[in-house]
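Scroll down for the structure; my scribbles are underneath it.
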Amino acid sequence: MRTRNTVSVALFAALLVVLSLVPPIPMPGVPVPVTLQLLGVILAGCMLGPVRGPLAVLLYLVLAAIGLPVLPGGRGGLGVFYGPTGGFLIGMLLGSAVCGGLARLTAPRTDNPFVSVSGNFLAALACVVVVYAIGTPWLAAVAGIGNGKAMMGMLPFIPVDVAKAGVGALVAYRVQRVWPMQGR
């Protein structure tokens with residue numbers, strides 16, 4: 001791996017740590033707060049592509065697995081991966097790959113901001129869908145609740161995560177204009 005690629009992967013892993021440690025935002029009536037972790041995954045996928053984006057997420061997850069307190073709430077260690085949110089962590093790895101691949105296809109380098117932002121947004125939404133598709137059944141299995149109940153518990157997070165997809169798409173477009181990272 002070239003030095004530039006290594007630096008990009010490490011930079012985005014660090015960005016994921018920073019976004020994960022931003023104080024969680026409580027949601028009324030929901031015991032689980034909103035974090036910015038998924039925004040970092042979306043940015044890694046959209047900006048680094050289908051290989052380096054997941055490598056950045058993998059580095060972040062390895063840091064968490066070895067016990068560094070890099071997850072929201074300052075958590076870390078292997079136990080987190082066996083808990084109710086472990087599926088979301090695994091989903092982030094696959095989601096960043098899907099996001100990177102789709103961003104490469106749907107957000108070509110162009111001077112048309114609508115085309116680029118729309119393509120990034122579709123890729124980011126696909127990332128959210130992948131994370132939910134892996135994390136929600138995992139949550140249901142670990143918590144001992146039905147899939148329907150787990151899906152109902154995720155409903156309040158959908159608008160927030162769609163907003164993160166929009167912010168990620170716009171930020172990725174703006175940054176890529178001045179600092180292209182993803183070879184297309």
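Structural remarks
- So residue 81, is it hydrophobic (A, V, I, L, M, F, W, C), within 19 Å of residue 128 (Cβ to Cβ) and not in a loop (DSSP other than H, G, I, E, B): no
- Residues satisfying the stated conditions in region 156-174, i.e. open to solvent by 40 Å² or more (accessible area, probe 1.4 Å) and out of contact with any strand residue (DSSP E or B) (no Cβ under 9 Å at 6 or more places or on another chain): 158, 159, 162, 163, 167, 170, 171, 174
- When 153, 101, 144 are checked against the criterion of being at positive phi and either surrounded by fewer than 21 Cβ atoms within 10 Å (Cβ to Cβ) or at pLDDT 95 or above (or both), 144 stands alone in meeting it.
- Inside region 12-27, residues that are surrounded by 15 or more Cβ atoms within 10 Å (Cβ to Cβ) and under 18 Å from residue 61 (Cα atoms) make up a count of 9.
- Residue match in region 28-38 (condition: part of a helix (DSSP H, G or I) and either at pLDDT 95 or above or crowded, with 17+ Cβ neighbours inside 10 Å (or both)): yes
- Neighbours by Cβ (under 8 Å, 6+ apart or cross-chain): first from region 2-29, within 18 Å of residue 88 (Cβ to Cβ); second open to solvent by less than 90 Å² (accessible area, probe 1.4 Å) and among the polar types (S, T, N, Q): 16/37; 19/35; 19/37; 20/35; 20/37; 22/35; 24/35; 25/35
- Counting the residues of region 63-97 that are touching a Phe, Trp or Tyr at 6+ places or on another chain (Cβ under 6 Å) and aromatic (Phe, Trp, Tyr) gives 0.
- Hey, residue 73 part of a loop (DSSP other than H, G, I, E, B) and on the phi > 0 side of the Ramachandran plot or not: no
- Positions within region 105-128 being touching a Gly at 6+ places or on another chain (Cβ under 8 Å) and in contact (Cβ under 8 Å) with a residue 24 or more places away in the chain, in sequence order: 107, 108, 120, 121, 123, 124, 126, 127, 128
- Out of 108, 84, 113, sole residue that is closer than 30 Å to residue 147 by Cα and either surrounded by 15 or more Cβ atoms within 10 Å (Cβ to Cβ) or not hydroxyl-bearing (Ser, Thr, Tyr) (or both): 84
- Scanning region 11-27 for residues that are in a helix (DSSP H, G or I) and over 10 Å from the mean Cα position of the chain (by Cα) yields a count of 10.
The values are calculated or read from the model by the stated rules, or taken from the named source; none is laboratory data. In this text, all values refer to a predicted model and were calculated from it rather than measured experimentally. So basically every Cβ, Gly included, is an ideal-geometry build from the backbone, and we count neighbours across all protein chains shown. Remember, those area values only see protein heavy atoms, side chains included, never the ligands or the DNA or RNA. Shrake-Rupley method; radii C 1.70, N 1.55, O 1.52, S 1.80 Å.
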